[in-house]
Amino acid sequence: MTYTIESAQSIFSNTQIPSQIPAIIALFDQLSVDDRLALLWYAYTEMGKTITPAAPGAARLQFAERLLNEIKQMPNEGQMQVMRELALRSDTPISRTYGYFSVNTKLAFWYELGELMKQGLVTPVPTGYQMSPGVEVVLEAIKKLDAGQQITVLRNAVVDMGYDSDAASSENRAAEPMFKRAVPAPSKITIAGVMEPAVLNYVEAMNADNFKAAVELFTSDGALQPPFQKPIVGREAIAKYMQEEAQGLNMMPQQGICETKADGSKQIKVTGVVQTPWFGVNVGMNIAWRFLINPQGKIFFVAIDMLASPQELLNLRPR
Ligand code: EQ3
C-alpha cells in the first residue's frame, strides 16, 4: 500500500471534533490593531487571576534584550507605535528583528513587555481607547475556552506578529537555549490500548528532550504536523522544529486505539495531556496524536491536534 502525506493527514478524521480556536483567531484577525492589542491585554490579565506564565529566564531573553531596552527608552506613544507595528506585521527594523525571533523568544519578549505594563512603565492600552463591540465578542469567546486553549490563542497571536521576511526562516536563527526542567517528565510510558514501540519510544524521547532519538523513529521522508499547521517534512526539518518548539514539554498520553492494515502498516490514535514549560503543571492541554506507522515500524506521519473538549479524550472510535 502506498501512502502520501496528504492521505495520512486524514487518518481518524471521522473521530475529530473541530476546535473553536481557528474561528476565534479569524474573528481576532478582523479586529482593528488597537482592539487586538487591548483584547490580548484583557485576556492575559483575566487569565492571570488563575494562571501566570513562568518567567523566561536570562538565557531565553538574550536575543530579545536589545529590542526590549530600545523600547523601554521610548516615550509612551513610541512604545505604543512599536506594538501596533508588530501587530500589523509592518516592515520596520523592530518588526523585522522580532520576525527573526523563535517562538519562545517571541513569548519571552511579550512576557517582559507585559511585566513592564503591570509595573506601569509601558502603557497596555492606547490612550483614549474605547472598546469596540467586536472585542467583547472575542473576549467572551476566549473566556469560555479551557486554559490550554486560551494559552494556545495567546501563543498564536504572538507568533503571528512581526514582519515575516523570507530571511527569517528557522535555518537563519541562532540555536535555541535549553529549557531547564524543574522536575523530570514521566520517563516510562504506558498507554492503554497501544503497545507500538515507535509510539512509546517517541513519547519517552520527547519527554527527555532527546530530539535526535525521536527523529530517528521517523522514516527519512516522514512528517510531523503541529496543531493548526502544515506538515513539517523530513528528519532535519523536524529536528530543527523540535529543538525550537518542543523543549521541556511533558507528554502524558493516556489511551489509544491501533488499527493494523493489510500491508502491516498501523494507524494509531492516542489522546492525553501535554504541559508546556511556560505554565508547568498548572495548565494541561488536551491533545491527540494521530500516527501512521509503516510496516517496518517507522513513523511516516504524526499529527498533533488540540482537542475541542476533555470529552474528546475518549473519542477514539469513528462516530
Ligand atoms: C502584554 C500583552 C498581554 C498585551 C499586549 O497588548 C499584547 C501581548 C502579546 C501581550 C502578551 C502576551 C503574552 C505574554 C503571552 C504569553 C503566552 C504564552 C507563554 C503562551 C504559551 C503557550 C504554549 C503552548 C500553547 C504550547 C503548546 C504545545 C504543544 C501543544 C506541543 C505539541 C507538540 C507535541 C505534543 C509533539 O508530540 C510534537 C511537538 C509539538 C511541539 C507539536
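For the range 240-270, a tally of residues being polar (S, T, N, Q) and touching a Gly at 6+ places or on another chain (Cβ under 7 Å) returns 2. A residue that is farther than 18 Å from residue 161 by Cα and assigned by TED's automatic domain parsing to the domain that holds residue 121 occurs somewhere in the range 76-88.
Would you confirm, using the coordinates I've provided, whether residue 45 is under 15 Å from residue 151 (Cβ atoms), within 16 Å of the ligand (Cβ to nearest atom), β-branched (Val, Ile, Thr) and surrounded by 13 or more Cβ atoms within 10 Å (Cβ to Cβ)? Yes: the conditions hold for residue 45. Within the range 85-124, the only residue that satisfies the criterion of being within 19 Å of the chain's Cα centre (by Cα) and surrounded by fewer than 18 Cβ atoms within 10 Å (Cβ to Cβ) is 103.
Mind checking which residues of the range 28-51 are outside any helix (DSSP H, G or I) and either without any contact (Cβ under 8 Å) to a residue 60 or more places away in the chain or small (Gly, Ala, Ser) (or both)? Across the range 28-51, the qualifying residues are 32, 48, 49.
Has the range 149-158 got at least one residue that is out of contact with any Ser or Thr (no Cβ under 9 Å at 6 or more places or on another chain) and part of a loop (DSSP other than H, G, I, E, B)? Looking through the range 149-158, none of the residues is out of contact with any Ser or Thr (no Cβ under 9 Å at 6 or more places or on another chain) and part of a loop (DSSP other than H, G, I, E, B).
Restricting 298, 266, 261 to those that are touching a helix residue (DSSP H, G or I) at 6+ places or on another chain (Cβ under 7 Å) and at negative phi reduces the list to 298. Every condition in (1) farther than 25 Å from residue 283 by Cα; (2) within 16 Å of the ligand (Cβ to nearest atom); (3) of a type outside the set (A, V, I, L, M, F, W, C) is met by residue 36 except one, and the failing one is (1).
Annotation for the range 231-244: at least one member residue is among the aromatic types (Phe, Trp, Tyr), closer than 18 Å to residue 210 by Cα, near the ligand (Cβ under 10 Å from one of its atoms) and outside any loop (DSSP other than H, G, I, E, B).
Just give me the residues in the range 190-207 being within 11 Å of the ligand (Cβ to nearest atom) and either within 22 Å of residue 176 (Cα to Cα) or under 16 Å from the mean Cα position of the chain (by Cα) (or both), in sequence order. Before the answer, list the steps.
Filtering the range 190-207 for residues within 11 Å of the ligand (Cβ to nearest atom) gives 199, 202-203, 205-207.
Within the range 190-207, 202, 203, 205, 206, 207 meet the criteria.
Is it the case that residue 80 is more than 25 Å from the chain's Cα centre (by Cα), within 12 Å of the ligand (Cβ to nearest atom), surrounded by 16 or more Cβ atoms within 10 Å (Cβ to Cβ) and assigned to a helix (DSSP H, G or I)? For residue 80, the condition - more than 25 Å from the chain's Cα centre (by Cα), within 12 Å of the ligand (Cβ to nearest atom), surrounded by 16 or more Cβ atoms within 10 Å (Cβ to Cβ) and assigned to a helix (DSSP H, G or I) - is met. Out of everything in the range 122-165 that is within 12 Å of the ligand (Cβ to nearest atom) and among the polar types (S, T, N, Q), what residue ends up being farthest from residue 28 (Cα to Cα)? Checking each candidate, the answer is 123.
For the range 251-279: of the residues being assigned to a loop (DSSP other than H, G, I, E, B) and more than 13 Å from the ligand (Cβ to nearest atom), which is surrounded by the fewest Cβ atoms within 10 Å (Cβ to Cβ)? Show your work before the answer.
Of all residues in the range 251-279, those assigned to a loop (DSSP other than H, G, I, E, B) come to 261-265, 276-279.
Checking which are more than 13 Å from the ligand (Cβ to nearest atom) leaves us with 261-265.
On the way: 261: 13, 262: 6, 263: 10, 264: 12, 265: 18.
The qualifying residue surrounded by the fewest Cβ atoms within 10 Å (Cβ to Cβ) is 262.
Filtered by the rule that a residue be of a type outside the set (Gly, Ala, Ser), crowded, with 16+ Cβ neighbours inside 10 Å and either within 10 Å of the ligand (Cβ to nearest atom) or in a helix (DSSP H, G or I) (or both), the range 208-220 gives 211, 215. Taking residue 63, is it more than 10 Å from the ligand (Cβ to nearest atom), within 20 Å of the chain's Cα centre (by Cα), in a helix (DSSP H, G or I) and under 17 Å from residue 161 (Cβ atoms)? No, not satisfied. Of all residues in the range 6-27, those being within 14 Å of the ligand (Cβ to nearest atom) and not in a helix (DSSP H, G or I) number 1. Is the range 101-108 home to any residue that is in the same structural domain as residue 37 (by TED's automatic domain parsing), more than 12 Å from the ligand (Cβ to nearest atom) and of a type outside the set (Ser, Thr, Tyr)? Checked against the condition, which is being in the same structural domain as residue 37 (by TED's automatic domain parsing), more than 12 Å from the ligand (Cβ to nearest atom) and of a type outside the set (Ser, Thr, Tyr), the range 101-108 yields at least one hit.
Scanning the range 221-230 for residues that are in contact with a helix residue (DSSP H, G or I) (Cβ under 8 Å, 6 or more places away or on another chain) and either part of a loop (DSSP other than H, G, I, E, B) or within 11 Å of the ligand (Cβ to nearest atom) (or both) yields 224, 225, 226, 227, 228.
The values are calculated or read from the model by the stated rules, or taken from the named source; none is laboratory data. On a predicted model such as this, the values are computed, not experimentally measured, just so you know. So basically every Cβ, Gly included, is an ideal-geometry build from the backbone, and we count neighbours across all protein chains shown.
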